[in-house]
1. Accessible area per residue, 1.4 Å probe, Å², for the chain: what's the number?
2. Tell me which residues come under 5 Å, amide H to amide H, from Gly108 once H is placed; ignore anything under 5 positions away on its chain.
3. Give the span of the chain's Cα atoms along each principal axis, as three whole-Å numbers ordered largest to smallest.
4. List residues of segment 9-51, by number, whose backbone nitrogen lies under 15 Å from a label position 7 Å along Cα→C-beta of Lys86.
5. Give me the percent of the accessible area of segment 1-105 that comes from carbon and sulfur atoms, probe 1.4 Å, all protein chains in place.
6. What's the ranking of 61-69, 34-42 by average number of surrounding C-beta atoms within 10 Å, highest first?
7. Any chance you could run the full-extension gain for Ala14 through Ile31? It's 0.36 nm times the residue separation minus the Cα-Cα distance, nm to one decimal.
8. Calculate the spin-label point distance for Val2 paired with Asp61, positioning each point 7 Å from the Cα along the beta-carbon direction, and give it in nanometres.
Amino acid sequence: QVQLVESGGGLVQAGGSLRLSCAASGTIFSIAFMGWFRQAPGKQREMVATISGGGSTNYTDSVKGRITISRDNAKNTLYLQMNSLKPEDTAVYSCAIRTRGIWRWGQGTQVTVSS
């Protein structure tokens, strides 16, 4: 049974930075395909970044150059470093793992960016 627990969200002013963390258990983390998603109120969930077990990354265009996804396989932890944050980045950010063809998400952590 996979468990994903996010932390690191909070309130930050526009232009500021946050680092989100995701502790994973119940999976072979080092080979897992992982991602970060976000969902704003009244909006659909969107993928912001993914990372393969081998370290290959992918980002949605709106965050390229501002957000970096990384992983520490020794700690079974996924990270999302967010810089130059904008009010439109405000959302619940969820860690996710793709298993057997489907995404599974953690409970999420709130990120609020004030103008």
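The values are calculated or read from the model by the stated rules, or taken from the named source; none is laboratory data. A quick note: this is a predicted structure, and the numbers were derived from the prediction, not measured. Note: ideal-geometry Cβ built from the backbone for every residue, glycine included; neighbour counts use all protein chains shown. Just the protein is used for accessible areas: all its heavy atoms, side chains included, with ligands, DNA and RNA removed. Shrake-Rupley method; radii C 1.70, N 1.55, O 1.52, S 1.80 Å.
1. Accessible surface, normalised per residue, equals 53 Å².
2. When sequence neighbours closer than 5 places are left aside, the close amide H contacts are Glu6, Cys95.
3. Principal extents (Cα only, largest first): 40, 26, 23 Å.
4. Under cut-off, by backbone N: 14-16, 48.
5. Heavy-atom surface of segment 1-105 belonging to carbon and sulfur, 1.4 Å probe: 47 percent.
6. Packing order, densest peptide first, comes out as 34-42, 61-69.
7. 2.6 nm
8. 2.8
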